[in-house]
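Just below is one structure, and these are the notes that go with it.
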Amino acid sequence: RTEFALKEIMSSGGTEDDIPQAERKTVTDFCYLLDKSKQLFNGLRDLPQYGQKQWQSYFGRTFDVYTKLWKFQQQHRQVLDNRYGLKRWQIGEIASKIGQLYYHYYLRTSETSYLNEAFSFYSAIRQRSYYSQVNKEDRPELVVKKLRYYARFIVVCLLLNKMDVVKDLVKELSDEIEDYTHRFNTEDQVEWNLVLQEVAAFIEADPVMVLNDDNTIVITSNRLSETGAPMLEQGMIVGQLALADALIIGNCNNQVKFSELTIDMFRMLQALEREPMNLASQMNKPGMQESTEKPARRENPHKYLLYKPTFSQLYTFLAASFKELPANSVLLIYLSATGVFPSGRSDSEGPYDFGGVLTNSNRDIINGDAIHKRNQSYKEMHCLHPGDLYPFTRKPLFIIVDSSNSVAYKNFTNLFGQPLVCLLSPTAYPKALQDQSQRGSLFTLFLNNPLMAFLFVSGLSSMRRGLWEKCQDYLRKINRDIAQLLTHSRSIDQSFLQFFGDEFLRLLLTRFIFCSATMRMHKIFRETRNYPESYPQLPRDETVENPHLQKHILELASILDVRNVFLENTLDDY
């Protein structure tokens, strides 16, 4: 590379001797750092995807080299322009790689602050027009680099809820794709147009718009804020377990997705994260925090995002999470997937006889519907049965199943006496509720953004900001009351209380009860299969059918002027 750069200079009329020694060294050093950075970056692909420790030192070395490379090109820009012929798109490539590093560090650590760092590098590329000259070069592979940069930037903006930036980026990407396909007549036009369609559907997935007075859309964040989870009050006896690890698994047919995130996975991952902080004041680069320094607050639980995993992939990640789970910690498994029902009648009622959920679609799926195997003596290969999770109940396990066959997980057995809870979605929704499954599950929406879900089942599609904030305040009051109902219950299973000490799990449990109570009071949710269930069962009269909670839900409906949607004398209807 260095020789090539110097030969270029000689061919343009100079000789190698014309180049001062110091400048020649600058070019040599730059080429070394560039090669080393590419080598390390490519090596990231070979690191195991699971396990939290093996990759950290390698990431640290990669960040070191990229930090040096970035500073080096800033300090020696003029020499590199003159002697190496450094182009702006090459600077853009370095910035883009640093953005990718921060994004992958976020994926590995679940620390949302790294998303801000990725965003700042991706933004700089756009603001400084690093890729603007690419279109003048007759090299389609360079344009593809630019398109990929846009797609990656969009993912980071979606995760940071910067929807206004996403819309601008989508428009720019659309123009770039049009120009690219017009100029190069390439075969990947269909793929790039699909990227545009996917992100457009993702942006439109929320069923309710919150509007300012000037009708601009308010972007709501659903990560855990300081006031998000109901506080533990004096006298509440709860466990000290902490959520440490989560597997978020998505395989819902026809559901909106972008990159390898379905809308359900996207919503659930945000429900397991705190609001991002700006990292700049805290540390220079990932992995560099001294172990003696304690972070100011508890970290986010570590997450694995698994889109359509095969059974062997899923079990490998599960085993890795289980192995690395610290003492007094909880493993959460979230399944958003197509139901697999048992075929024929079975003489036994074991943990493999009720079906489960399909984590990896194969040719057995017809029109996105649940599968009934033709050969009834065999079970579906990629179906995750309740029995498959039994080995992992040796440690505290919190399971959420959002599926048309979620009830398969009602037939769980707690073999090892460890805390174990399964929150199970309705298996069907009322026909009167227009089918929204493509835009994500209603059950998961309740766990991620309960007010938006409440508005949707109430038939509202938009709302003024002031009223939204008033309702959010009221919902916080409801959550506090639900927390009291749970902790004061005399007959509740202890597993619920053992999980209740963790902020994330506390919020999920209170939202689950709010969701269940809302659906039980709603006029069109009349069948048993329309209601969420749980293992172990909750005492209904003390939780989901508690008159005090029902009164609160009617009050929330009154604030929104939708009381007519709900049953007034709910207890009389059972």
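Remarks
- Of the residues D175, D164, D168, D138, the single one that is touching a strand residue (DSSP E or B) at 6+ places or on another chain (Cβ under 9 Å) and not hydrophobic (A, V, I, L, M, F, W, C) is D164.
- Criterion (at pLDDT below 95 and within 30 Å of V218 (Cα to Cα)) met by exactly one of Y122, Y114, Y150, Y131: Y114
- Some residue of region 391-400 being in contact with a helix residue (DSSP H, G or I) (Cβ under 8 Å, 6 or more places away or on another chain) and under 18 Å from N251 (Cβ atoms): yes
- Residues (assigned to a helix (DSSP H, G or I) and either more than 16 Å from T487 (Cβ to Cβ) or not assigned by the TED database to the domain that holds V401 (or both)) located in region 542-554: P547, Q550, K551, H552, I553, L554
- Qualifying residue in region 309-320 (condition: more than 20 Å from the chain's Cα centre (by Cα) and either acidic (D, E) or part of a strand (DSSP E or B) (or both)): no
- Evaluation of N254 against the conditions (1) in the same structural domain as I333 (by the TED database); (2) within 19 Å of F512 (Cα to Cα); (3) assigned to a loop (DSSP other than H, G, I, E, B) shows that the sole unmet condition is (2).
- Selected residue [assigned to a strand (DSSP E or B) and surrounded by 11 or more Cβ atoms within 10 Å (Cβ to Cβ)] from D168, D206, D245, D179: D245
- Members of region 56-114 found to be in a helix (DSSP H, G or I), under 19 Å from R152 (Cα atoms) and among the hydroxyl-bearing types (S, T, Y), listed by number: Y66, S96, Y102, Y103, Y105, Y106, T109, S113, Y114
- Residue match in region 109-120 (condition: farther than 24 Å from S225 by Cβ and open to solvent by 10 Å² or more (accessible area, probe 1.4 Å)): no
- Residue within region 255-277 that is at pLDDT 85 or above, of a type in the set (A, V, I, L, M) and over 21 Å from the mean Cα position of the chain (by Cα) present: no
- Subset tally (residues that are free of Cβ contacts under 8 Å to residues at least 60 places away in the same chain and among the β-branched types (V, I, T)) for region 217-239: 2
- Residue in region 524-535 that is touching a Leu at 6+ places or on another chain (Cβ under 6 Å), part of a strand (DSSP E or B) and at negative phi present: yes
- Within region 402-458, the set of residues being among the hydrophobic types (A, V, I, L, M, F, W, C), part of a loop (DSSP other than H, G, I, E, B) and buried (at least 24 other Cβ atoms within 10 Å of the Cβ) is empty.
- Taking the conditions (1) open to solvent by 30 Å² or more (accessible area, probe 1.4 Å); (2) of a type in the set (S, T, Y); (3) in contact with a Pro (Cβ under 6 Å, 6 or more places away or on another chain) in turn, S516 satisfies each one other than (1).
- Matching option when the condition is modelled with pLDDT under 85 and basic (K, R), among K285, K323, K303, K308: K285
- For E533, the conditions (1) open to solvent by 30 Å² or more (accessible area, probe 1.4 Å); (2) within 29 Å of the chain's Cα centre (by Cα); (3) more than 27 Å from K431 (Cβ to Cβ) all hold with the exception of (3).
- Looking only at region 466-523, residues that are within 22 Å of S221 (Cβ to Cβ) and charged (D, E, K, R) come to 10 in all.
- Restricting F412, F392, F454 to those that are at pLDDT 95 or above, assigned by the TED database to the domain that holds L497 and over 28 Å from S225 (Cα atoms) reduces the list to F392.
- Single match in L505, L497, L486 (criterion: modelled with pLDDT of 95 or more and either open to solvent by 10 Å² or more (accessible area, probe 1.4 Å) or assigned to a helix (DSSP H, G or I) (or both)): L505
The values are calculated or read from the model by the stated rules, or taken from the named source; none is laboratory data. These figures come from a predicted structure and were not determined experimentally. As a convention, Cβ positions derive from the backbone with ideal geometry for all residues, glycine included, and neighbour counts pool all protein chains shown. Quick note on the areas: whole protein, heavy atoms, side chains included, nothing else; ligands and nucleic acids left out. Shrake-Rupley method; radii C 1.70, N 1.55, O 1.52, S 1.80 Å.
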